[in-house]
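None of the figures in this text is laboratory data; all of them are computed from the coordinates on show. The model shown is predicted, which means the values in this text are computed figures rather than measured ones. Neighbour counts run over all protein chains shown; Cβ positions are idealised from the backbone, glycine included.
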Amino acid sequence: MSDVTLKIGGYRYEHTRAVFDGEIPIAGVDPVFTTSALISDVFEQMARGELDVAEYGLTYFLRSWDTEASPYLALPIFPNRNFRHEALFVSERSGIRRPEDLAGRTIGEFALWGSDPGVWMKGLLADEYGVTPDQCRWMIGGTDHPVPAFDWIPQPVPEGVQVEHAPDGATLADLLESGEIDALLSVDVPQRLLDGSPTGIRRLWPDYPEVERDYHARTGIFPMMHVVAIRKELVAEYPELPRALYDAYLAAKDATEAWYLDQASKQHMGVITPWFSAHFAENRRIFGDDWWPYGVERNRKAVDTFLRYHHEQGLSRALLTSEVIMVPSLLDT
């Protein structure tokens, strides 16, 4: 494959930096990289057809899949993943103490109904606590800053689910503090909570690290939020391209893991966080030496769980599987 010019978008994480900076080349590719402080800006560019390859929120990818002619396939590269129990906040005045108490309440959700963390948490609440989306009312908006509706992607809402957008100028953090909504599902932590202000806002699970570790121990799932997507016509025209992209992103991620593993003998003097080595050792005990895996096989259960949740929540018309959405030549990864 002679060098093909590709417009590639994504966030410059520590585990993608070497690709974005050109330290790890993509074989046969002359890349033109774009990034943004708001990853949703990259999603919008991808949705509008302005990029060839990009980090893409899983729900954004799947909503495009349901259009008349989905233009994308997924590469088993997962740049962004996080446990999501920590993303659920409640108002003290709501009286909510248990997940089951969310039934019948109004819940704010960041950006859109069915955000990536929202899909995970709604599915988890249904699977483990019997609280389904139709038992709640939903209000969409920005956490600390007003966010307009994302009109550049499909926004399906199943029958029987009440969804409305926050009033003009209102933020979900304000509405939660005032008691106008009872809970908030947000990838962004309300700033006033980070500031330590007495707000009457708290996490539903104050001990969320222990809850999330228990969830992982029981399920084996480390939830991913984003995937790397590629245009279908590029896969058809350049069959070796998906493997070249995968190999480059994998090498960058593996090098980052290797650095942390090497630094353990030096008590991670290159990291600014106190007691990081103890935290790292605990994570290594739980996850092993490759704690951020790429590839289909080690991520199949998590991906297929998200696909099931997406379908159950009325966001995908069909129940998809990893084999359907991934580039066929990378199913052996």
Do the sum for the chain: with -39,500 (n - 2.57) for every DSSP H run of n ≥ 4, divided by all residues, what is the mean residue ellipticity at 222 nm, to the nearest 500 deg cm²/dmol? -10000 deg cm²/dmol
As straight-line cross-link partners of K232, the qualifying lysines (C-alpha separation under 21 Å, not fewer than 8 residues apart within one chain) are K7
Could you sort the peptides 75-87, 215-227 by per-residue average Cβ neighbour count (10 Å cutoff), highest mean leading? 75-87, 215-227
Antiparallel %, DSSP beta bridges [both residues in the chain], to 5: 45
Give the order of S186, S316 when sorted by the count of other beta carbons within 10 angstrom, beginning with the fewest. S316, S186
Place a +1 charge on the Cβ of each Lys and Arg in the chain and a -1 charge on the Cβ of each Asp and Glu, then give the dipole magnitude about the Cα centre in debye, rounded to the nearest 20. 580
H165 long-range amide H proximity, modeled H, under 5 Å: I140
If the reach is capped at under 29 angstrom between alpha carbons, list the lysines near K266, excluding any in the same chain fewer than eight residues apart. K253
